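Following: one structure in structure tokens, then a few remarks.
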Amino acid sequence: MKRIATALVTRTGPDYAQSVTTGGFELLSDEPVAAGGGNAGPAPYGLVLAGLGSCTAITLKMYADRKGWDIGTMQVSLTLEQDAAGSIHIARMLATDVALEDAQWDKLIEIAGKTPVTKTLQAGATITAARARS
């Protein structure tokens, strides 16, 4: 298998605060105060949305560059919601500070649906857990 990314998550406390190391960067993750955390960093679902939004914006910039399009500053706004039946829905809204033609928007929206993280979330992933041996 080809390794795409790695992350190491270590509890830093108090409560649910976690140190996340990935790609040579460190950040914090936590739960909001209402969920018993200290709000020291984004909650896990916020990090999922950040990954999806980043992948979307990067992919759209790459596509626009190849086409020679000026798409200005792209903003990707995401919301994750759960309905009464437990189904998860992620809404993704794209905005930019320059005027684009309808055909450009149509293509960008189509490409947004094909980004690597979008495909991963839509397909699901096999997730395993095992005990680390020293």
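Taken together, the values in this text are just the output of simple stated rules run on the coordinates, not laboratory data. Just so it is clear, the structure is predicted and the values come from calculations on it, not from any experiment. Neighbour counts are summed over all protein chains in view; Cβ atoms, including those assigned to glycine, are modelled from backbone coordinates with ideal geometry.
Looking at Thr73, Cys55, Thr22, which one has the Cα that reaches farthest to the positive end of the dipole of the chain (charges on Cβ: Lys, Arg +1; Asp, Glu -1)? It is Thr22, whose Cα lies furthest towards the positive end. The residues packed around Thr118, meaning those with a beta-carbon under 12 Å from its beta-carbon, carry a net charge of +2 if Lys and Arg are +1 and Asp and Glu are -1.
Compute the acute angle (0 to 90°) between the alpha-carbon long axis of helix 44-67 and the principal axis of greatest extent of the alpha-carbon atoms of the chain; round to the nearest 10°. Helix 44-67 and the main axis of the chain meet at about 30 degrees. Each Cα pair of segment 43-117 feeds into the Kirkwood radius, which the Stokes-Einstein equation turns, at 20 °C and 1.002 mPa s, into a diffusion coefficient of 162 µm²/s. What net charge do the residues around Leu28 carry, taking every other residue with its C-beta under 14 Å from that of Leu28, with Lys and Arg at +1 and Asp and Glu at -1? Surrounding charge for Leu28 is -3.
As a ratio to 2.2 N^0.38 Å, the alpha-carbon radius of gyration for segment 20-61 is 1.35.
In vacuo Debye scattering of the chain, one point per C-alpha: log10 I(q)/I(0) at q = 0.13, 0.16, 0.19, 0.22 Å⁻¹? Normalising to I(0) and taking log10 leaves -0.74, -1.02, -1.24, -1.37. Dipole of the chain computed with +1 at Lys/Arg Cβ and -1 at Asp/Glu Cβ about the Cα centre; of Ala103, Thr120, Met1, farthest Cα towards the positive end is Met1. For segment 1-50 versus segment 79-107, the spacing of their alpha-carbon centroids is 25 Å. Within the set of other residues whose C-beta is less than 13 Å from the C-beta of Pro42, count the net charge using Lys and Arg as +1 and Asp and Glu as -1. Result for the neighbourhood of Pro42: -2.
This model, with +1 at the C-beta of Lys and Arg and -1 at the C-beta of Asp and Glu, gives the chain a dipole about its Cα centre of some 820 debye. Counting only alpha carbon atoms, the long axis of helix 102-112 and the longest principal axis of the chain meet at about 30°. Projected label points at Ser134 and Gln82, each 7 Å from Cα along the beta carbon direction, are separated by 3.5 nanometres.
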